[in-house]
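The values are calculated or read from the model by the stated rules, or taken from the named source; none is laboratory data. Fair warning: this is a prediction, and the values are worked out from it, not measured in the lab. Please note: Cβ atoms are built from the backbone with ideal geometry, for glycine as well, and neighbour counts cover all protein chains shown. The accessibility values were calculated without ligands, DNA or RNA, using every heavy atom of the protein model including side chains. Shrake-Rupley method; radii C 1.70, N 1.55, O 1.52, S 1.80 Å.
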Amino acid sequence: MRVHLTVCVIVSFLSPMAMSADTVRPLWPDSPPSWDAPTEPERDITDASGRLQAGRRVTRLTNVAEPSVHIYEARNNKGKASETAVVICPGGGFNILAWDLEGTEIAEQFQAGGVTAILLKYRVPTRKRDDPWTPVVQDIQRAIAMTRAGQLTASTPTKVGCLGFSAGGNAVAHAATAKSAQYESVDSADEIITPPDFACLVYPAWLVQDDDPTELRDGIVVDASTPPMFIAHAENDRLTVFNAVTMFSKLHQAGVPSSLHVFTGSGHGFGARDDGMADDYWVDLCLAWLVDAGLCDAG
């Protein structure tokens, strides 16, 4: 049974936990920025041959041409709206979205922990692009801007971060280190685009050079202005653990206070389903880190 480590999490059991999004909103007022959109409709390609995680299938969505945000608003035991929000980006190789394992289930846990979750259904597939992360970064920046502008929640959060898994973690790393907006403003919400206040990378993919895993890929530059990060990975991940270790090393060298957790034997794509392994605790560790870093009100 999971032991909850933070006041944020303990508080959640004193108030109801919504098991579905409170609100769903389109991300863009009209069409998203130009991209090679799929011609086939959005669909769920989950089937009986799909992989199992903790004994259950993983829901797989593809052909997402109309991105949206699914909002899980959080309150503490005093009924106060959360001052912290996190934009959640499921993984899926820039081809699909692991919608429940790395999306809805994560949003529910952060909502229960006192953090408002903005689950982002971002555009896929983009895998054939030379820069498959760019449309996703645009969607992340837009979701952050809308959240900061008070367009998504009843009370405007003072801290807005982003969390991504695998390919979603790659896009979050790009968004967290971007020095400028990746799209033209479409309304008053995004007249000024700024990086997230924090970033969480869970088994992030393709962050390091193929020939030198101790160096980040071109286009990802960490410096003193980079937001603090929480990073979780498995030592035996088929997508090298150096994606996490090297990112943490660069953050440490730049003086950016961050947190790194490497789990033994968890592989890739462990999500946050309880299966009796140490990685079951990463959400609690992340919530504790947010409190320690002054990014989340302990309630």
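Where in the stretch 108-207 are there strands (runs of 3 or more DSSP E), lying fully within it, with 3 or more residues that are among the aromatic types (Phe, Trp, Tyr)? Qualifying strands (runs of 3 or more DSSP E): none found.
Taken over the stretch 122-151, residues that are open to solvent by 10 Å² or more (accessible area, probe 1.4 Å), over 16 Å from ILE193 (Cα atoms) and not basic (Lys, Arg) amount to 5.
Within the option set ARG217, ARG238, being basic (Lys, Arg), more than 27 Å from GLN109 (Cβ to Cβ) and open to solvent by 10 Å² or more (accessible area, probe 1.4 Å) holds for one residue only, ARG217.
Of all residues in the stretch 277-293, those satisfying the criterion of being open to solvent by 10 Å² or more (accessible area, probe 1.4 Å), more than 24 Å from LEU97 (Cα to Cα) and either modelled with pLDDT under 95 or assigned to a helix (DSSP H, G or I) (or both) are ALA278, LEU285, ALA288, TRP289, VAL291, ASP292.
Here is the figure for the stretch 21-41: residues that are surrounded by 14 or more Cβ atoms within 10 Å (Cβ to Cβ) and acidic (Asp, Glu) total 1. The set of residues in the stretch 241-258 that are open to solvent by 20 Å² or more (accessible area, probe 1.4 Å) and out of contact with any His (no Cβ under 6 Å at 6 or more places or on another chain) comprises PHE242, VAL245, PHE248, SER249, LYS250, HIS252, GLN253, ALA254, GLY255, PRO257, SER258. Applying the criterion of at least 1 residues that are over 29 Å from GLY267 (Cβ atoms) and touching a strand residue (DSSP E or B) at 6+ places or on another chain (Cβ under 7 Å) to the strands (runs of 3 or more DSSP E) found wholly in the stretch 49-95 leaves 68-72, 84-89. Taking every residue in the stretch 254-270 that is at positive phi and in contact (Cβ under 8 Å) with a residue 24 or more places away in the chain and pairing it with any residue that is assigned to a strand (DSSP E or B) and open to solvent by less than 30 Å² (accessible area, probe 1.4 Å), at least 6 positions away or on another chain, the pairs with Cβ-Cβ distances below 6 Å are GLY267/ALA234.
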